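Colleague: Mind having a look at this structure? Questions to follow.
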Amino acid sequence: MLKLNYPPLYVLALLPMVAIAQSPMPSMAHTGTVNEHHAEEGAVENVMKQFHDAVVAHNGTALSALFLPDANIWLNVLTDAAYDRAQTRVAKAPKVRVSSYRDFAKFVSSTPKALDPEHSNIVIHTDGAIAAVYFDFVFMIDGKAENRGSETWQLVKAVDGWRIAAISYSSDPAAEQ
């Protein structure tokens, strides 16, 4: 039987194994490579850029093309503070509003005001077939922050590329002055 007389060497010998065990795995399936994972994240980021560009350009058609045609999940959830403000104006104000990308695309296409959705703290998880994106946003209208919150997108990789299947976001609209 082998006997080691230097206990500090045991610790040094085990450090690489501990480091490997604690290293985060990419969210890509184990069969994918890191390069494939980064490529898929980049493709999802491109959908976000196309979304932004379509909103800024008031192009509801381009915006709609980013969604699965039958997808119709668009949830706006007021923060508690925003809900309290809404209830002071309308007693039965809804906390959760259900809408659709089609309604948003109509708004984008028809408003004459300058629109600029700003995204920050973006986190993307994907396995190459589905993706979830979480980020903070500030929705600017005519240069003024009209709404802010956190947002999550569910995307699927269709035959023709990544498409948005659902959007849910918290909403804390600017308080009326």
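The values are calculated or read from the model by the stated rules, or taken from the named source; none is laboratory data. In this text, all values refer to a predicted model and were calculated from it rather than measured experimentally. As a convention, Cβ positions derive from the backbone with ideal geometry for all residues, glycine included, and neighbour counts pool all protein chains shown.
Colleague: So for the range 83-100 (the condition being of a type in the set (Val, Ile, Thr), assigned to a strand (DSSP E or B) and under 13 Å from the mean Cα position of the chain (by Cα)), does at least one residue qualify? Write out each step before concluding.
Modeller: Within the range 83-100, the subset of a type in the set (Val, Ile, Thr) is 88, 90, 96, 98.
If we keep only those that are assigned to a strand (DSSP E or B) as well, we get 96, 98.
Imposing the further condition that a residue be under 13 Å from the mean Cα position of the chain (by Cα) reduces the set to none.
The answer is no; no qualifying residue exists.
Colleague: Restricted to the range 116-162, and to residues that are of a type in the set (Gly, Ala, Ser), part of a loop (DSSP other than H, G, I, E, B) and touching a Lys or Arg at 6+ places or on another chain (Cβ under 8 Å), which residue is surrounded by the fewest Cβ atoms within 10 Å (Cβ to Cβ)? Show your work before the answer.
Modeller: Filtering the range 116-162 down to residues of a type in the set (Gly, Ala, Ser) leaves 120, 128-129, 131-132, 143, 145, 149-150, 158, 161.
When the remaining residues are screened for being part of a loop (DSSP other than H, G, I, E, B), the result is 128-129, 143.
Applying the additional criterion that residues be touching a Lys or Arg at 6+ places or on another chain (Cβ under 8 Å) yields 128-129.
Details: 128: 17, 129: 10.
Step by step, filter the range 116-162, then rank; the result is 129.
Colleague: Name every residue in the range 67-82 that is exposed (fewer than 13 other Cβ atoms within 10 Å of the Cβ) and more than 18 Å from residue 154 (Cβ to Cβ), in order of residue number. Give the derivation first.
Modeller: Within the range 67-82, the first condition is being exposed (fewer than 13 other Cβ atoms within 10 Å of the Cβ), and the residues that meet it are 69-70, 80-81.
The answer is 80, 81.
Colleague: Now a separate question. Restricting attention to the range 142-158, and to residues there that are touching a residue at least 40 places away in the same chain (Cβ under 8 Å) and farther than 25 Å from residue 83 by Cβ, which single residue is nearest to the chain's Cα centre (by Cα)?
Modeller: Selected residue: 155.
Colleague: Another question, if that's okay. Please work out if residue 64 is of a type outside the set (Asp, Glu) and surrounded by fewer than 17 Cβ atoms within 10 Å (Cβ to Cβ). Give the steps one after another, and end with the answer.
Modeller: Values: of a type outside the set (Asp, Glu): yes; surrounded by fewer than 17 Cβ atoms within 10 Å (Cβ to Cβ): no.
So residue 64 does not fit the description; no.
Colleague: Six or more apart or on different chains, Cβ atoms under 6 Å: show the pairs whose first residue is in the range 126-138 and at pLDDT 95 or above and whose second is among the hydroxyl-bearing types (Ser, Thr, Tyr) and assigned to a strand (DSSP E or B).
Modeller: Between residues of the range 126-138 that are at pLDDT 95 or above and residues that are among the hydroxyl-bearing types (Ser, Thr, Tyr) and assigned to a strand (DSSP E or B), the close pairs are 134/152; 136/120; 136/150.
Colleague: Pick out the one residue from 113, 106, 49 that is basic (Lys, Arg), under 16 Å from residue 146 (Cβ atoms), surrounded by fewer than 16 Cβ atoms within 10 Å (Cβ to Cβ) and at pLDDT 95 or above.
Modeller: Matching residue, one of 113, 106, 49: 113.
Colleague: Further question: Mind telling me which of the residues 98, 90, 56, 77 ends up being at pLDDT 95 or above, over 20 Å from residue 141 (Cα atoms) and not basic (Lys, Arg)?
Modeller: That would be 98, the only listed residue that is at pLDDT 95 or above, over 20 Å from residue 141 (Cα atoms) and not basic (Lys, Arg).
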